[in-house]
1. Counting only heavy atoms of the protein chains, get the accessible area per residue of the chain (1.4 Å probe) and round it to a whole Å² value.
2. What is the spread of the Cα atoms of region 27-176 along each of their three principal axes, largest first, in whole Å?
3. Got a sec to turn the phi values of region 165-181 into Karplus ³J(HN,Hα) couplings, 6.51 cos²θ - 1.76 cosθ + 1.60 with θ = phi - 60°, whole Hz, x for Gly and Pro?
4. Which whole-percent values make up P(r) of region 54-115 when all C-alpha to C-alpha distances are grouped in 5 Å steps starting at zero?
5. Separation of region 21-51 and region 89-112 by C-alpha centroid, Å?
6. Please list 3J(HN,Hα) in residue order for region 260-270, calculated via the Karplus relation 6.51 cos²θ - 1.76 cosθ + 1.60 where θ = phi - 60°; whole Hz, with x for glycine and proline.
7. Return the long-range amide H neighbours of Ala110 (sequence gap of 5 or more, or a different chain), with a cut-off of under 5 Å between placed amide H atoms.
8. Would you work out what percent of the accessible area of the chain, with all protein chains in place, is carbon or sulfur (probe 1.4 Å)?
Amino acid sequence: MATHAIPAEAPSSPAQAGQELAHHVTTLRQPASSSPRPFLHPVRSLAGATVTEAGPADHPHHLGLSVAFSDVNGTNFWGGSTYSAATGPMLLANHGRQLPLGWQSSENEAGSTEAGSISWRSESDNELAVEQRRIERFTHPEAGSWSLSLTSVISPAAGVERLLVSSSAVKGRAGAGYGGIFWRFPRGTGDPHILSDAGSGADATHGSRSPWLSVTMQIDGAPVSVVLAQAPDFPLPWFIRAEGYLGAGPAVAWSDAAAVDHSRPLRLSLHAVIHDGPVRTATRALDLLQHHPRTSRPGTSDRTP
């Protein structure tokens with residue numbers, strides 16, 4: 001289990017108080033039905049508001065900020081039920097797990113970095129995929145803000161020719177194209193304010209390829225926002241849900257399965273600014289993202305060749 005806190009200017013911030021801004025859980029203590037995997041939780045704002053949720057009663061397999069798919073070569077790496085057109089959602093004994101290996105961490109005046117590999121293992125403990133993952137935390141010049149990035153490169157394991165990454169939507173469940181880097185938010189008080197390049201509200205954003213997405217919540221009586229951004233060269237459709245629970249992430253298999261082989265690994269990235277305060281306009285969201293080291297040059301790619 002790794003813990004990091006980046007520097008912050010405000011003396012009353014959790015970072016200055018020695019608390020964690022993003023807690024990386026790598027112990028895999030979840031039940032098999034939750035598809036055990038490493039995840040970030042809690043992720044906190046500088047003022048101490050928790051902006052992730054893990055193991056909630058409504059979906060106990062939702063684990064803060066994590067990488068998860070409902071179907072990779074028939075194995076469920078999302079957790080919970082598996083959907084088929086013939087039976088609908090059913091709980092099956094097909095859950096995989098993600099085993100973190102060889103992780104290293106470093107810190108400097110700008111923040112901290114963790115990097116390592118993940119072994120994606122099937123329900124029978126065969127290695128299906130190998131992943132290189134990086135988690136970066138950065139300071140941010142805006143008061144009450146800090147930046148976070150998660151990047152991932154997933155390839156078939158040795159002896160596996162290709163990976164077929166699918167979703168419930170691909171199998172016929174309308175709107176259920178979730179799978180990829182996924183952020184489960186807490187509910188907060190009242191309705192969240194959701195904004196993207198596609199418009200205001202979850203309905204406008206769901207399925208859009210907006211390069212960014214902003215969620216403002218009321219937590220402990222104060223507004224806190226998370227502004228998310230994808231790599232600009234090939235943005236994926238956003239899956240976002242605000243009824244029943246609040247969660248969002250770029251969807252790898254929105255309407256079609258994604259094929260991954262050794263010459264074409266799956267490259268994912270999600271960048272975030274966690275901000276104590278509301279984000280009510282696109283201008284405000286883009287201004288915050290402009291100072292994120294991985295999104296500060298709109299129109300350029302952060303994907304390695």
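1. Working: 12580 Å² over 305 residues.
Each residue of the chain exposes 41 Å² on average to a 1.4 Å probe.
2. For region 27-176, the Cα extents along the three principal axes come out at 52, 36, 27 Å.
3. So the Karplus estimates, Gly and Pro as x, are 9, 10, 8, 5, 5, 4, 8, x, 8, 4, x, 9, x, 5, x, x, 7 Hz.
4. Answer for region 54-115: a P(r) of 4, 14, 18, 18, 15, 11, 8, 6, 4, 2, 1 percent.
5. 10 Å
6. 10, 10, 5, 8, 10, x, 8, 10, 10, 7, 9
7. Under 5 Å from the amide H of Ala110 lies no amide H from a residue far enough along the sequence or on another chain.
8. Values: 6360 of 12580 Å².
Looking at the chain in its full context, I get 51 percent from C and S.
The values are calculated or read from the model by the stated rules, or taken from the named source; none is laboratory data. All of these numbers come straight from a predicted model, not from anything done at the bench. Calculation scope for accessible area: heavy atoms of the full protein, side chains included, ligands and nucleic acids excluded. Shrake-Rupley method; radii C 1.70, N 1.55, O 1.52, S 1.80 Å.
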